[in-house]
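Trainee: Encoded as structure tokens, here's the structure I'll be asking about.
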Amino acid sequence: MTDVTPGIEIPRSSDVGRTDGLWRSTCFEVFALLRDGRYAEFNISPSGQWAAYGFSGYREGMANLEGPIRVIRADRTGDDFEMDAIVSWKDWPFIDRIGLSAVIEDVDGNLSYWALAHPSDKPDFHHPDSFVLTLPPPEPA
């Protein structure tokens, strides 16, 4: 089911498309916070599977978002792993801040949680203070 990159389980390509529960193995996550407090969560697996959810507030009002998310490259060279993906958030035009995170599964099945910021003692990618990348306001039309 998976390939191993020195100690890390990398899910192999499988049926591309929406799949829930990607956080149970190696995956990457993008969180996009709107100025009104709503936010989106985009989960991206090296397998090509993805999930997208919208929230009305902190862990509230979860609903599926239409994708698509497309993994365009997942390459392993020696000890390195690189992945490029396209996330469509055309319906989210006024993104204020972004959080980037990853769940990494090791070869023994242990999960570790990585993010640009962990604002509490336990990993919580949904915490508003973990959305640390700020975006400039949109330019006037």
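Trainee: So, in the stretch 32-44, of the ones that are assigned to a loop (DSSP other than H, G, I, E, B) and modelled with pLDDT under 90, which residue ends up surrounded by the most Cβ atoms within 10 Å (Cβ to Cβ)?
Mentor: G37
Trainee: Please note which strands (runs of 3 or more DSSP E) are completely contained in the stretch 50-120 and include at least 2 residues that are touching a Leu at 6+ places or on another chain (Cβ under 6 Å), under 14 Å from V30 (Cα atoms) and modelled with pLDDT of 90 or more.
Mentor: 95-105
Trainee: Looking at (1) without any contact (Cβ under 8 Å) to a residue 60 or more places away in the chain; (2) on the phi < 0 side of the Ramachandran plot; (3) open to solvent by less than 50 Å² (accessible area, probe 1.4 Å), find the lone condition where G21 falls short.
Mentor: (2)
This table checks each residue for (1) touching a Phe, Trp or Tyr at 6+ places or on another chain (Cβ under 8 Å); (2) under 28 Å from V16 (Cα atoms); (3) touching a residue at least 40 places away in the same chain (Cβ under 8 Å); (4) not acidic (D, E).
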| residue | (1), (2), (3), (4) |
| --- | --- |
| W89 | yes, yes, yes, yes |
| I95 | yes, yes, yes, yes |
| E105 | no, yes, yes, no |
| N110 | no, yes, no, yes |
| W114 | no, yes, no, yes |
| V132 | no, no, no, yes |
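Trainee: What number of residues within the stretch 121-132 are more than 14 Å from the chain's Cα centre (by Cα) and either more than 19 Å from F42 (Cβ to Cβ) or outside any loop (DSSP other than H, G, I, E, B) (or both)?
Mentor: 4
Trainee: Going by the structure shown, is E29 in contact with a Ser or Thr (Cβ under 9 Å, 6 or more places away or on another chain), open to solvent by less than 50 Å² (accessible area, probe 1.4 Å), among the acidic types (D, E) and within 25 Å of I8 (Cβ to Cβ)?
Mentor: Taking the combined requirement at face value, the residue satisfies it.
Trainee: Right, next: Counting only residues that are under 13 Å from the mean Cα position of the chain (by Cα) and of a type in the set (S, T, Y), how many does the stretch 33-85 have?
Mentor: So the answer is 3.
Trainee: I'd like to verify a number: residues in the stretch 69-107 that are surrounded by fewer than 16 Cβ atoms within 10 Å (Cβ to Cβ), under 15 Å from P11 (Cβ atoms) and of a type in the set (V, I, T), how many?
Mentor: Within the stretch 69-107, residues that are surrounded by fewer than 16 Cβ atoms within 10 Å (Cβ to Cβ), under 15 Å from P11 (Cβ atoms) and of a type in the set (V, I, T) number 1.
Trainee: Being touching a His at 6+ places or on another chain (Cβ under 8 Å) and open to solvent by less than 40 Å² (accessible area, probe 1.4 Å) is the filter here, so list the residues in the stretch 108-135 that pass it.
Mentor: Listed by number, the residues that qualify are D124, S130.
Trainee: Every residue in the stretch 1-31 that is part of a strand (DSSP E or B), more than 12 Å from V103 (Cα to Cα) and at pLDDT 85 or above, please.
Mentor: R18, F31
The values are calculated or read from the model by the stated rules, or taken from the named source; none is laboratory data. No experiment lies behind these values; they were computed from the predicted model shown. Cβ: placed from backbone, ideal geometry, glycine included. Neighbour counts: every protein chain shown. Ligands, DNA and RNA are stripped out before the accessible areas are found, and what is left, the full protein with its side chains, is counted by its heavy atoms. Shrake-Rupley method; radii C 1.70, N 1.55, O 1.52, S 1.80 Å.
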